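The values are calculated or read from the model by the stated rules, or taken from the named source; none is laboratory data. Computed from a predicted model, the values in this text were never measured in an experiment. Using ideal geometry, Cβ is built from the backbone for each residue, glycine included, and neighbour counts are taken over all protein chains shown.
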């Protein structure tokens, strides 16, 4: 990477408090946009318990805008509310995740965040490699999976490898942007290759700092899903999913 392009990566623990954002999951006045609810199942009752724990209709989530939807990938459930979403997955490291903001975007963020802490057992042998049946870099596959896992079925193109995802997003020019927004995918060139080499889901941004959930991060003997803050990241373009 060029020395003239500076970025820093800070791995954020699964229970970390998120940055204040300009728009989307949280307001710039409230840095508590992520609430993690402990749980071990994916039944409708897990979602209901988490909802009650943060105040129900009188809390930040507000009234339901959909019924709870179960039978998603990994037998997960999700429910959307006026102020966010609750996602429950029995196979996820966090079990149950709550995200605030626009319901469809919040559902995507909650599903992605539920996987923070997952580490592949061997190089390019993650569960997302198994999902597509290919031993390839899985940062983009993870984003396609999280969209479907959250009930945003067609929000992100279903691509078996990263080059295919680049092609699909670049051809959809109406969704391209040079500025970050919560819920957008950030396509980055981390290797000065002149083309995207990595992608993350934007969950917060503040000035030069962009906070993302990213897959396939770390050394070759233990790549993982992380929530990270990158300062002035080398983003080539942002792409807004089809929410």
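Scan segment 219-235 for residues that are surrounded by fewer than 18 Cβ atoms within 10 Å (Cβ to Cβ) and at pLDDT 95 or above and jot them down. It would help to see each step written out before you state the result.
Taking segment 219-235 as the starting set, the residues that turn out to be surrounded by fewer than 18 Cβ atoms within 10 Å (Cβ to Cβ) are 219-222, 231-232.
Matches in segment 219-235: 231, 232.
Taking the criterion of being over 26 Å from residue 118 (Cβ atoms) and assigned to a helix (DSSP H, G or I), the residues of segment 43-72 that qualify are 52, 56, 57, 58.
Working only within segment 113-136, note down all residues that are surrounded by fewer than 18 Cβ atoms within 10 Å (Cβ to Cβ) and touching a strand residue (DSSP E or B) at 6+ places or on another chain (Cβ under 6 Å). Hit for segment 113-136 is 119, nothing else.
Table: residues versus (1) within 18 Å of residue 200 (Cβ to Cβ); (2) within 14 Å of the chain's Cα centre (by Cα); (3) buried (at least 19 other Cβ atoms within 10 Å of the Cβ).
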residue	(1), (2), (3)
68	no, no, no
73	no, no, no
77	no, no, yes
82	no, no, no
97	yes, yes, yes
111	yes, yes, yes
140	yes, yes, yes
168	yes, no, no
175	yes, no, no
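Quick check on my filter: what residues within segment 164-184 are closer than 13 Å to residue 233 by Cα and either outside the structural domain of residue 146 (by TED's automatic domain parsing) or touching a strand residue (DSSP E or B) at 6+ places or on another chain (Cβ under 6 Å) (or both)? Result: 180, single match. Within segment 150-159, can one find any residue that is farther than 14 Å from residue 242 by Cα and surrounded by 14 or more Cβ atoms within 10 Å (Cβ to Cβ)? Yes.
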